[in-house]
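The values are calculated or read from the model by the stated rules, or taken from the named source; none is laboratory data. Computed from a predicted structure; not experimentally measured. Cβ atoms come from the backbone with ideal geometry, glycine included; neighbour counts cover every protein chain shown.
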Amino acid sequence: MSQEDHYEVLGVRPEAPLWEIELAYKGRRSQYHPDRYAAGDEASVAWATAKMQAVNKAYAVLKDPDQRERFDRTQASARPADPGPRTERAKAAEPPPLRSLREALEGLEFSNEPFERVFVAPHIPRKKLLGALDSYGERLRAQDVVVLIDDTVFGGAREGVLITETQIRCKAKFEQAEIRLLGCLTEITAHGAHIRIQGEPFISLSIPNPDDLRRLFRAVSHYLQETN
């Protein structure tokens, strides 16, 4: 029986740092905790319990440096040997590579009324981007940001939402920033000004146009469902 891929269970890259693994674990724990399915039938509870057990096991291994190193060695030894150069026919038969989030959102347009507050790269104003990164963009680079939502009255972007290819983070006034990894998610929705992730409240925005938010997160969710 093949060993379960703990990275795949948590939805992180094999080279993911510990902080990213911890974030992924929190996201998966929220997604699969059996208490969320207590009102369902026995099959749903059993499914959630099995998922949660796999998540807990993956986290226990990947958070421990020694266990993670042993797991990585096992995974490496289990990979099939390189069969050599592929033929052109074999290459042509392969499915096309998945789009990036940046590509998936390309051409998306917003009304931005009454205020221009939703931006998609490469059309993110640099001053706003630097303000957001300084406020809640720790460990992010300017080129990482795909989406910026500015939720400030005067347009300084120190509160709002940042989305990269791998994560979404938000900052509300007087609150700590929150981060979720996209690899753990299949749905981000906007209900008016309220943003929900997997049905759970994430942040409530006051400035951006609700129709723009719905349009954006409908496209983001479609991308997540294609890739996760």
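How many of the residues making up segment 141-164 are under 20 Å from residue 217 (Cβ atoms) and either of a type in the set (S, T, N, Q) or outside any helix (DSSP H, G or I) (or both)?
Final tally of qualifying residues: 15.
Could you grab me the full set of residues in segment 173-222 that are in contact with a Cys (Cβ under 7 Å, 6 or more places away or on another chain) and acidic (Asp, Glu)?
178 - this is the single residue of segment 173-222 that is in contact with a Cys (Cβ under 7 Å, 6 or more places away or on another chain) and acidic (Asp, Glu).
Picking from 177, 193, which residue would you name as being under 22 Å from residue 110 (Cα atoms) and over 13 Å from the mean Cα position of the chain (by Cα)?
Details: 177 fails: under 22 Å from residue 110 (Cα atoms).
From the options 177, 193, the qualifying one is 193.
Take residue 104 and decide whether it is over 21 Å from residue 210 (Cα atoms), of a type outside the set (Val, Ile, Thr) and surrounded by fewer than 21 Cβ atoms within 10 Å (Cβ to Cβ).
Numbers: over 21 Å from residue 210 (Cα atoms): no; of a type outside the set (Val, Ile, Thr): yes; surrounded by fewer than 21 Cβ atoms within 10 Å (Cβ to Cβ): yes.
Against the criterion (over 21 Å from residue 210 (Cα atoms), of a type outside the set (Val, Ile, Thr) and surrounded by fewer than 21 Cβ atoms within 10 Å (Cβ to Cβ)), residue 104 does not qualify.
It is to be established whether one or more residues within segment 196-203 are at negative phi, assigned to a strand (DSSP E or B), out of contact with any Leu (no Cβ under 9 Å at 6 or more places or on another chain) and surrounded by fewer than 14 Cβ atoms within 10 Å (Cβ to Cβ).
Pass one, segment 196-203, residues at negative phi: 196-197, 200-203.
Adding the requirement that they be assigned to a strand (DSSP E or B) leaves 196-197, 200-203.
Add one more test, that the residue is out of contact with any Leu (no Cβ under 9 Å at 6 or more places or on another chain), and what stays is 196, 200-203.
Applying the additional criterion that residues be surrounded by fewer than 14 Cβ atoms within 10 Å (Cβ to Cβ) yields 200-201.
Yes, some residue in segment 196-203 is at negative phi, assigned to a strand (DSSP E or B), out of contact with any Leu (no Cβ under 9 Å at 6 or more places or on another chain) and surrounded by fewer than 14 Cβ atoms within 10 Å (Cβ to Cβ).
Would you point out the residue of segment 178-193, among those that are assigned to a loop (DSSP other than H, G, I, E, B) and not hydrophobic (A, V, I, L, M, F, W, C), that is surrounded by the fewest Cβ atoms within 10 Å (Cβ to Cβ)? Talk me through it step by step, then tell me what you get.
Taking segment 178-193 and keeping what is assigned to a loop (DSSP other than H, G, I, E, B), we get 185-187, 192-193.
Checking which are not hydrophobic (A, V, I, L, M, F, W, C) leaves us with 186-187, 192.
Numbers: 186: 14, 187: 15, 192: 11.
The selected residue is 192.
Applying the selection to segment 75-115, what residues are modelled with pLDDT of 90 or more and part of a helix (DSSP H, G or I)?
Within segment 75-115, 101, 102, 103, 104 qualify.
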